[in-house]
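Report on the structure given below.
The values are calculated or read from the model by the stated rules, or taken from the named source; none is laboratory data. Please read all numbers here as calculations on a predicted model, not as lab measurements. Ideal geometry is used to build each Cβ from the backbone, glycine not excepted, and the neighbour counts take in all protein chains shown.
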Amino acid sequence: MRMWRTWLGVLACVGGAQLACTPSSDEDPLPEEPSQEQGESTNAPDASVDVAPPLVLNDDGHVSSPPPPAPQPPLPSIGFQPGFHQALRWSHYVGGVTTFRLRVPVARAGERLQVTFRAGDGNLTLQRATVAKAGVDGSLVSAPVALSFEGKPGFNVGARALVTSDPVVFPVGFREDVAITFEVRGALAASAINAFPGSFARAGTHALVTGAIGGEPFERSVGVASVHVEGPTGRAFIALGDSITEGYVDLRNDTRNAWPALVEAQLGVPVVNAGVSGQGFYDALRLMSDEVLAVKGVTDCLVLLGTNDLGEAGAEEQMETRMLLLVQRLEPFCRVWVSTLLPKEKTNYGAYDYVKSQRMSFNAWLRGGGTSTDVIDLESVMRQTSNVHLYLDGLGIDGIHPSTEGHRVMAAEVVRTLRERGDL
């Protein structure tokens with residue numbers, strides 16, 4: 001029987017932030033936080049990029065549980081559903097007008113699309129944006145089509161605002177690469193890791209350029225939070241997690257190789273990615289409204305969270321409470337699937353024996369039906385038989401993150417489970 005708590009009496013903060021918490025190093029060491037003049041900040045306390053900022057627990061604060069969202073109405077036969085998504089928690093600042101050309105795979109076929117942009121930690125001015133079919137070198141293979149925003153070519157908004165374009169006729173195929181090019185100045189929301197090869201940034205106004213815009217590679221997801229595509233409706237998944245879900249393997253990644261994208265390719269349905277490097281349950285709950293619930297047309301949620309919460313005294317009980325609250329908030333929005341935590345071969349926060357015990361306890365609770373939701377047992381296909389805290393050879397890279405081959409194994413197990421129990 002489920003027991004829901006109205007108040008979540010535990011907080012987490014991002015490692016490295018000076019907010020009454022001790023930095024953790026459960027994931028790779030982070031570079032120093034860039035200053036605003038350098039162009040980087042984050043609405044989470046840590047602004048580091050290219051690795052997953054670790055989280056630690058902090059019992060001094062309380063966050064009230066908002067009421068769960070109203071159940072979503074039944075999907076129409078034709079409608080907008082997500083083809084691309086990123087939870088853009090960091091911030092990238094440009095002082096002068098700069099053109100970004102982001103090459104993204106869109107996992108939904110249809111005739112019209114909408115693009116949602118997100119501001120960073122400050123005002124954002126977008127003066128023009130276009131969409132086109134993307135080439136691999138930053139060039140376009142179709143003529144750019146202008147986006148509009150309530151009939152205007154651009155917008156000016158404050159910090160963290162989400163702005164969705166008017167629907168535009170733009171036929172797109174399943175998993176087709178789309179180039180979204182936009183001229184902006186100010187603060188743009190951004191992802192933490194490089195995972196979008198073929199994307200570029202260049203000073204000046206270049207949204208209408210059909211060839212490569214030149215400039216410098218900029219392989220973080222920036223500015224573009226979601227792409228929704230209008231077409232026949234069906235199953236559409238969103239994956240919640242940390243760097244393991246976002247797709248961190250090393251300093252150069254490709255979102256197409258992360259396990260959600262591999263599941264998507266095998267099932268032929270959208271599996272958009274709301275993973276955020278470094279997050280634990282607290283940030284997932286705190287920022288759920290903009291990073292998950294704002295995505296239209298989702299039917300299923302895949303949750304792989306908890307690795308960054310391990311290490312504090314009492315973490316296993318607190319993690320169970322947080323997972324139950326997360327499930328409670330998601331259930332009116334989607335069918336929830338939860339995963340066991342992957343092997344963890346080391347820790348720089350807390351005693352390793354304690355971390356191992358917590359992980360085993362949490363996984364046993366999930367397998368025992370603690371959340372009363374469907375369980376995907378990813379640990380079972382990633383661990384060694386003789387030592388469940390170690391990855392199978394070749395499936396891990398640094399003791400915490402799965403390798404590219406590890407992502408393929410994870411995807412295969414997710415697909416197997418969804419086909420077996422998810423009517424796919």
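Structure summary
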read-out: Among the residues listed as 297, 311, the single one being in a loop (DSSP other than H, G, I, E, B) and either aromatic (Phe, Trp, Tyr) or closer than 30 Å to residue 104 by Cβ (or both); value: 297
read-out: Pair list, Cβ < 9 Å and 6+ apart or interchain, from segment 345-356 residues that are of a type in the set (Gly, Ala, Ser) to residues that are loosely packed, with under 15 Cβ neighbours inside 10 Å and in a loop (DSSP other than H, G, I, E, B); value: 350/313
read-out: Residue that is surrounded by the most Cβ atoms within 10 Å (Cβ to Cβ) [pool: residues in segment 332-359 that are in contact with a Leu (Cβ under 8 Å, 6 or more places away or on another chain) and in a helix (DSSP H, G or I)]; value: 359
read-out: Subset tally (residues that are of a type outside the set (Asp, Glu) and under 15 Å from residue 128 (Cα atoms)) for segment 167-199; value: 9
read-out: Cβ-Cβ under 8 Å pairs, at least 6 apart or on other chains, segment 79-91 side farther than 16 Å from residue 102 by Cα, far side among the aromatic types (Phe, Trp, Tyr) and at pLDDT below 95; value: none
read-out: Test: residue in segment 145-162 that is within 19 Å of the chain's Cα centre (by Cα), over 21 Å from residue 294 (Cβ atoms) and surrounded by 15 or more Cβ atoms within 10 Å (Cβ to Cβ); value: no
read-out: Residue ranges of strands (runs of 3 or more DSSP E) in segment 217-266 with at least 3 members hydrophobic (A, V, I, L, M, F, W, C); value: 224-232, 237-241
read-out: In segment 383-415, the residues that are farther than 16 Å from residue 247 by Cβ and touching a strand residue (DSSP E or B) at 6+ places or on another chain (Cβ under 9 Å); value: 383, 384, 389, 390, 391, 392, 399, 413
read-out: Number of positions in segment 210-222 that are surrounded by 20 or more Cβ atoms within 10 Å (Cβ to Cβ) and more than 12 Å from residue 182 (Cβ to Cβ); value: 3
read-out: Search result, residues across segment 121-144 that are more than 18 Å from residue 104 (Cβ to Cβ), out of contact with any Asp or Glu (no Cβ under 8 Å at 6 or more places or on another chain) and surrounded by 16 or more Cβ atoms within 10 Å (Cβ to Cβ); value: 121, 124
read-out: The one condition in (1) modelled with pLDDT of 95 or more; (2) in contact with a strand residue (DSSP E or B) (Cβ under 8 Å, 6 or more places away or on another chain); (3) not assigned by TED's automatic domain parsing to the domain that holds residue 193; (4) not aromatic (Phe, Trp, Tyr) that residue 251 fails to fulfil; value: (1)
read-out: Residue ID - nearest to residue 109 (Cα to Cα), chosen from residues in segment 277-288 that are assigned to a loop (DSSP other than H, G, I, E, B) and in contact with a helix residue (DSSP H, G or I) (Cβ under 6 Å, 6 or more places away or on another chain); value: 277
read-out: Condition met for residue 213 (at pLDDT 95 or above and in contact with a helix residue (DSSP H, G or I) (Cβ under 8 Å, 6 or more places away or on another chain)); value: no
read-out: Extreme residue, surrounded by the fewest Cβ atoms within 10 Å (Cβ to Cβ), among residues of segment 164-209 that are hydroxyl-bearing (Ser, Thr, Tyr) and in contact with a Ser or Thr (Cβ under 7 Å, 6 or more places away or on another chain); value: 205
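Residues are listed down the side, and each one gets a yes or a no for (1) aromatic (Phe, Trp, Tyr); (2) farther than 28 Å from residue 318 by Cα; (3) touching a residue at least 60 places away in the same chain (Cβ under 8 Å); (4) buried (at least 18 other Cβ atoms within 10 Å of the Cβ):
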site: 250; (1), (2), (3), (4): no, yes, yes, no
site: 253; (1), (2), (3), (4): no, yes, yes, yes
site: 261; (1), (2), (3), (4): no, yes, yes, yes
site: 271; (1), (2), (3), (4): no, yes, yes, yes
site: 276; (1), (2), (3), (4): no, no, yes, yes
site: 283; (1), (2), (3), (4): no, no, yes, yes
site: 287; (1), (2), (3), (4): no, no, yes, yes
site: 290; (1), (2), (3), (4): no, no, yes, yes
site: 299; (1), (2), (3), (4): no, no, yes, yes
